[in-house]
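> Dropping a structure here in structure tokens format, bear with me for questions.
We did not get these values from a lab; they are worked out from the coordinates using the rules stated. As the structure is a prediction and not an experimental result, all values here were calculated from the model. Because the Cβ atoms are built from the backbone with ideal geometry, glycine has one as well, and the counts that use them run over all protein chains shown.
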Amino acid sequence: MDYRIDMTTVLKLKAFGSLISEVIRPGLCTGCGACVASCPVLALTMKGEQPAIIDRCINCGICYYQCPETSYSIEEFEKSIFGRVRRDDEPFGVYKSCFTARALNPDVRKVGTDGGFVTALLLYMMDNGKIDGAVICSKSNTELWKAEPKVAVNRDEIINNAGTKYTVCPMILGLSNAVRDLGKKSVAFVGTDHTIVAVRKSQLIKNEYWGLGGYVKLTIGLFCMECFSNRLLKEYIPNKGVDLSKITKFHITRGRFIIYSGDEVLLKAPIKELDPYVLQSCHKCLSLTAELADISVGGIGSEPGWTTVIIRSEQGEKFFNEALNAGYIEAKPLPTEGFNTVVKSSTFKRKKATESSGA
Ligand SMILES: Cc1cc2nc3c(=O)[nH]c(=O)nc-3n(C[C@H](O)[C@H](O)[C@H](O)COP(=O)(O)OP(=O)(O)OC[C@H]3O[C@@H](n4cnc5c(N)ncnc54)[C@H](O)[C@@H]3O)c2cc1C
């Protein structure tokens, strides 16, 4: 059954002006870059953390409907991706199974945020010709630690870009780069909830101009309680006396924001201190666990050094099992306590966002 939505009629009704009034001005824009990447006349660009218009808009409306913040039917999307809608006993979306997992290779675990699971899964896919690129997140060459999308095309690039960047990143521009500029045909895409929704919109809404989502073989969704503005890098971290050039890794775990230089801890601060830098859009975001991804991953629910893994789709299950059998990862069923922690955290996020929206 084809659940894709034909937006032909409604597309004419909305355009970038509507994105400004409905998404950007109310502070809902997540800076994912979907509108910029989907514009057929290249009239949009990212200015700082938000999109801006730089050329004549043809009012096609594609940007509006590709934006993850404009409305869509979660039920239709779930039916199309997973073959069914979530049940009442699935508080963090449709899933098949949950694991706690990590990379088998200790060198990969060392560079990973939690268990290095994501990096190991991408390495399996790249080494075995399952993908010809991985859209992941890198650091800017010009601004220290500024997050930028990256199309990794070999194992070194996957390993060198392991680790979480907690600041805003226009990941859909990375997907655009992979498909339009580099001619990639089959990519894995890593991102937080809103970027996964943008990829799904690109796969499921027929009018997507570049058809970017059609080239995505696997979506890996990162749990996300909140994401931060680049002001975190420009103000908070230097004000704490930490030299950005010395940093090798960031981690948020158990209510603490931790900055490392190798094995040395440069800063350990309560996550509350970062509140002024949380993106406005995060306050209204309902989903902790990237509920439309093939596989969702986070640290919540697992022991230190392990990644919590939610397998949602058949595609996700297939690649997870293949990576397991090929010896790239090891996994154990997620213990009940860990599962309950994920439920509690995702329920907390949903409740907080719902209250913030006044719903
Ligand atoms: C903004 C943000 C907030 C998060 N908040 C939470 C949280 O509250 N609770 C929780 O349990 N987990 C959270 N995570 C997820 C967690 O930090 C780990 O990414 C996840 O557990 C996977 O760990 P790993 O060791 O398996 O991944 P790794 O092997 O380290 O691989 C991580 C992959 O993600 C890519 N990546 C890094 N930053 C980004 C980014 N900003 N956008 C897209 N891709 C990126 C890397 O390039 C790499 O390919 C958050 C992630 C992000 C980006």
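> Can you give me the distance in nm between label points at residue 340 and residue 244, each placed 7 Å from the Cα along the Cα-to-Cβ direction?
Placing both labels 7 Å beyond Cα along the Cβ direction yields 4.3 nm.
> Hey, another quick one. Given points 7 Å out from each Cα along the Cα-Cβ axis, report the residue 261 to residue 155 separation in nanometres with one decimal.
My value for the distance between the label points is 3.2 nm.
> Could you list, in their original order, any pairs among 246/284; 130/184; 14/150 whose Cα atoms are separated by more than 22 Å? Spell out each step's value before the answer.
Numbers: 246/284 34 Å; 130/184 12 Å; 14/150 31 Å.
Pairs exceeding 22 Å: 246/284; 14/150.
> Mind checking the alpha-carbon convex hull of the stretch 8-66 and giving the volume per residue in Å³? Don't skip to the end; give the middle numbers.
Values: hull volume 4.3 nm³, N = 59.
That works out to 72 Å³ per residue.
> Sticking with this structure for a sec: Cα-based Rg (one decimal) and Dmax (whole number) for the chain, in Å?
Using the Cα atoms of the chain, the pair Rg, Dmax is 19.3, 57 Å.
> Now for a separate question. Got a sec? Charge dipole of the stretch 8-66, +1 on Cβ for Lys and Arg, -1 for Asp and Glu; which of 60, 33, 50 is way out at the positive end?
Highest projection toward the positive end goes to 60.
> Moving to a separate point now. Pick from 33, 338, 262: which residue has the top mean-square fluctuation in a GNM of the chain where Cα pairs under 10 Å get a spring?
The residue with the greatest mean-square fluctuation here is 262.
> If you don't mind, there's one more thing I want to ask. Which lysines, on any chain, are close to residue 47 with Cα under 16 Å apart, when same-chain ones fewer than 8 places away are left out?
146
> Can you give the extra length, in nm with one decimal, that the chain gains between residue 283 and residue 20 once fully stretched, where that is 0.36 nm per residue apart less the Cα-Cα distance? Don't skip to the answer; put the middle values down first.
Working: separation 263, 0.36 × 263 = 94.68 nm, distance 1.85 nm.
That pair, residue 283 and residue 20, stretches by 92.8 nm at full extension.
> Relative to a virtual label point 7 Å from the Cα of residue 350 in the Cα→beta-carbon direction, which members of the stretch 90-108 show backbone nitrogen distances below 16 Å?
90-96
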